[in-house]
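Data first, discussion second: the structure below is written as structure tokens.
The values are calculated or read from the model by the stated rules, or taken from the named source; none is laboratory data. Treat the numbers as computed from the prediction; the structure is a model and nothing was measured. Heads up, the Cβs are rebuilt from the backbone with ideal geometry, glycines too, and the neighbour counts pull from every protein chain shown. Ligands, DNA and RNA are stripped out before the accessible areas are found, and what is left, the full protein with its side chains, is counted by its heavy atoms. Shrake-Rupley method; radii C 1.70, N 1.55, O 1.52, S 1.80 Å.
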Amino acid sequence: QVQLVESGGGLVQPGGSLRLSCAASGSNFDIKSMGWYRQAPGKQRDLVAVNTSGGSTNYADSVKGRFTISRDNDKKTVSLQMNNLKPEDTAVYYCYALVRFRLSRLQYQYWGQGTQVTVSS
């Protein structure tokens, strides 16, 4: 089993910054991709940013130029630096990881418990 533990989030004024972090724990696995999704009330869960094992990074158009994802493969962590936050960024943010277990070679998706980000004056 793999666990994703998130930290960060909270209440910030428009134009402010927050940093989210996520750490994966478990044994005998490699992370294929890792990133962040978000879900606003009444809406579906959408991609925010994801980093693949090949080093490529994808961002939602709405966050390009404001959010930066960074990943540490050795520590199995991923962070999301969010700058110039807007009220429409308000959502529950979920850490995501696609992992492959070394023995079985099977791949599974895992999700964190979610952390609330509220952007409001």
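Summary table below
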quantity: Subset of the range 84-106 (residues that are surrounded by fewer than 20 Cβ atoms within 10 Å (Cβ to Cβ) and either of a type in the set (Phe, Trp, Tyr) or without any contact (Cβ under 8 Å) to a residue 60 or more places away in the chain (or both)); calculated: GLU88, THR90, VAL92, PHE101, SER104, ARG105, LEU106
quantity: Selected residue [open to solvent by 60 Å² or more (accessible area, probe 1.4 Å) and either modelled with pLDDT of 95 or more or acidic (Asp, Glu) (or both)] from GLN109, GLN81; calculated: GLN109
quantity: Every residue from the range 35-58 that is closer than 19 Å to VAL117 by Cα, surrounded by fewer than 19 Cβ atoms within 10 Å (Cβ to Cβ) and of a type outside the set (Asp, Glu); calculated: GLN39, ALA40, PRO41, GLY42, LYS43, GLN44, ARG45, LEU47
quantity: Pairs with Cβ under 6 Å, 6+ apart, first in the range 23-45 and among the β-branched types (Val, Ile, Thr), second open to solvent by less than 30 Å² (accessible area, probe 1.4 Å); calculated: ILE31/ALA97; ILE31/VAL99
quantity: Residues (assigned to a strand (DSSP E or B), under 30 Å from SER120 (Cα atoms) and open to solvent by 50 Å² or more (accessible area, probe 1.4 Å)) located in the range 1-33; calculated: VAL5, SER7, LEU11, ARG19
quantity: Test: ASN73 is open to solvent by less than 50 Å² (accessible area, probe 1.4 Å), touching a strand residue (DSSP E or B) at 6+ places or on another chain (Cβ under 9 Å) and over 14 Å from GLY9 (Cα atoms); calculated: no
